[in-house]
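First up is the structure itself, then whatever we jot down about it.
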Amino acid sequence: MKFGDLELTIIRECEFKLDAGAMFGVVPKTLWSKTTIPDDLNRINLACNLLLIESPEFKILVETGMGPRWTEAESQRYQIKTLVNWENILAPIGLTHKDIDAVIISHLHFDHMGGAVSLINNELKPSFPKAKYFIQAGEWQDAHSPNARAKASYRHDDFEPIKQYGLLELVNGECEIYPGIKLHLTGGHTKSHQVISFTSQGSTGIYLADIMPTANHVNPAWVMGYDHYPLTSCDFKNEILNKASQYNYLVVFDHEINTPWGHISLNDQKRFEFKPLDKSSLEPRMFKNN
């Protein structure tokens with residue numbers, strides 16, 4: 001999809017399931033069950049939506065999804081359904097792993113970092129060997145000394161090879177890594193969680209990662225039980241939703257199972273609503289040989 005001078009592509013890496021109570025935190029089931037239907041184990045359907053941002057100067061991949069390195073038992077636990085060929089995930093749009101200049105990771109949980117490295121000749125190596133991986137320094141530190149609640153969300157094999165191969169780029173707070181491409185420290189989900197904004201020709205979009213994982217989390221008070229700092233999440237959501245509705249931001253949800261991007265508006269009751277783009281916007285650009 002054209003976005004100013006940028007080309008945006010959603011890559012749906014996988015579908016999976018997580019516990020609905022954890023996804024909606026303190027929101028009563030009588031409310032969230034009106035928006036999504038859980039299975040017999042109270043799990044809801046989610047997706048990993050990666051965002052490819054292209055310009056004549058750079059090619060950036062936002063997030064890497066679950067990746068393929070899961071045991072059968074783990075795949076069953078999360079009902080992981082991989083939707084891409086990880087050996088050549090970018091082939092449908094005429095690119096290869098080596099074409100990516102930067103990978104931006106919102107935080108180091110396994111459903112965002114799982115595809116960052118690949119098993120190549122029995123060795124774990126960065127999946128995108130010419131890319132710099134942009135991660136908040138605080139997130140890197142916390143992933144290496146997690147508390148008991150956070151420990152299960154981190155797999156060191158997902159990120160240690162990035163440092164070993166010299167591709168790790170740690171940042172501190174808000175920064176602009178390419179013209180118009182900014183990283184914003186939000187906290188909330190983890191202490192150093194970040195979101196990504198992109199601006200071109202006067203239009204702005206924002207990839208919300210786990211601060212607002214699905215369209216059903218647009219209500220500022222609907223934060224996940226997974227969030228370590230839920231009040232911080234709530235405050236940031238309120239701020240960004242106001243900006244998104246006022247300035248017509250394109251918003252992108254990382255775990256939305258339906259159309260994952262669109263715009264935010266205020267309805268007659270002064271409540272935020274998500275209006276998805278047409279499904280045709282998900283069609284990748286035509287194969288290019290250049």
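The values are calculated or read from the model by the stated rules, or taken from the named source; none is laboratory data. The structure displayed is predicted, hence computed values, not measured ones. A quick note on method: Cβ atoms are made from the backbone with ideal geometry, for glycine too, and the neighbour counts reach across all protein chains shown.
Under the condition of being farther than 18 Å from Phe198 by Cα and among the hydrophobic types (A, V, I, L, M, F, W, C), the residues counted in the range 96-114 number 3. Of all residues in the range 212-227, which are free of Cβ contacts under 8 Å to residues at least 60 places away in the same chain and either touching a helix residue (DSSP H, G or I) at 6+ places or on another chain (Cβ under 6 Å) or under 20 Å from Leu183 (Cα atoms) (or both)? Once the filter is applied, which keeps residues that are free of Cβ contacts under 8 Å to residues at least 60 places away in the same chain and either touching a helix residue (DSSP H, G or I) at 6+ places or on another chain (Cβ under 6 Å) or under 20 Å from Leu183 (Cα atoms) (or both), the range 212-227 yields Met212, Pro220. Can you pull out every residue in the range 133-152 that is under 15 Å from His112 (Cα atoms) and modelled with pLDDT of 95 or more? Answer for the range 133-152, where residues must be under 15 Å from His112 (Cα atoms) and modelled with pLDDT of 95 or more: Tyr133, Phe134, Ile135, Gln136, Glu139, Trp140, Ala143. Looking across the range 236-283 at every residue that is hydroxyl-bearing (Ser, Thr, Tyr) and not in a helix (DSSP H, G or I), the one that is surrounded by the fewest Cβ atoms within 10 Å (Cβ to Cβ) is identified as Ser265.
Matching residues to (1) at positive phi; (2) surrounded by fewer than 19 Cβ atoms within 10 Å (Cβ to Cβ); (3) in contact with a Leu (Cβ under 7 Å, 6 or more places away or on another chain):
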{"site": "Met66", "(1), (2), (3)": "no, no, no"}
{"site": "Ile100", "(1), (2), (3)": "no, no, yes"}
{"site": "Leu108", "(1), (2), (3)": "no, no, no"}
{"site": "His112", "(1), (2), (3)": "no, no, no"}
{"site": "Leu119", "(1), (2), (3)": "no, yes, no"}
{"site": "Gln136", "(1), (2), (3)": "no, no, yes"}
{"site": "Glu139", "(1), (2), (3)": "no, no, yes"}
{"site": "His144", "(1), (2), (3)": "no, yes, no"}
{"site": "Lys163", "(1), (2), (3)": "no, yes, no"}
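Candidates in the range 135-164 are the residues that are of a type outside the set (Val, Ile, Thr) and more than 18 Å from His189 (Cα to Cα); of these, the one that is farthest from the chain's Cα centre (by Cα) is Gln164.
From the list Ser203, Ser233, Ser197, the one residue that fits, being on the phi < 0 side of the Ramachandran plot, of a type in the set (S, T, N, Q) and crowded, with 24+ Cβ neighbours inside 10 Å, is Ser233.
The set of residues from the range 112-132 being modelled with pLDDT under 95 and either basic (Lys, Arg) or under 17 Å from the mean Cα position of the chain (by Cα) (or both) is empty. Cβ separations smaller than 8 Å between residues 6+ apart or across chains give the following pairs from the range 249-260 residues that are farther than 16 Å from Gly65 by Cα to residues that are assigned to a loop (DSSP other than H, G, I, E, B) and not β-branched (Val, Ile, Thr): Val251/Leu208; Val251/Met212; Thr259/Leu277; Thr259/Asp278. Of note, Ile162 satisfies the criterion of being in contact (Cβ under 8 Å) with a residue 12 or more places away in the chain and among the β-branched types (Val, Ile, Thr). Lys17 meets the stated requirement of being of a type in the set (Lys, Arg) and within 18 Å of the chain's Cα centre (by Cα). When the range 74-91 is examined, which residues are found to be surrounded by 15 or more Cβ atoms within 10 Å (Cβ to Cβ) and either in contact with a helix residue (DSSP H, G or I) (Cβ under 7 Å, 6 or more places away or on another chain) or not in a helix (DSSP H, G or I) (or both)? The answer is Gln79, Ile80, Thr82, Val84, Ile89, Leu90.
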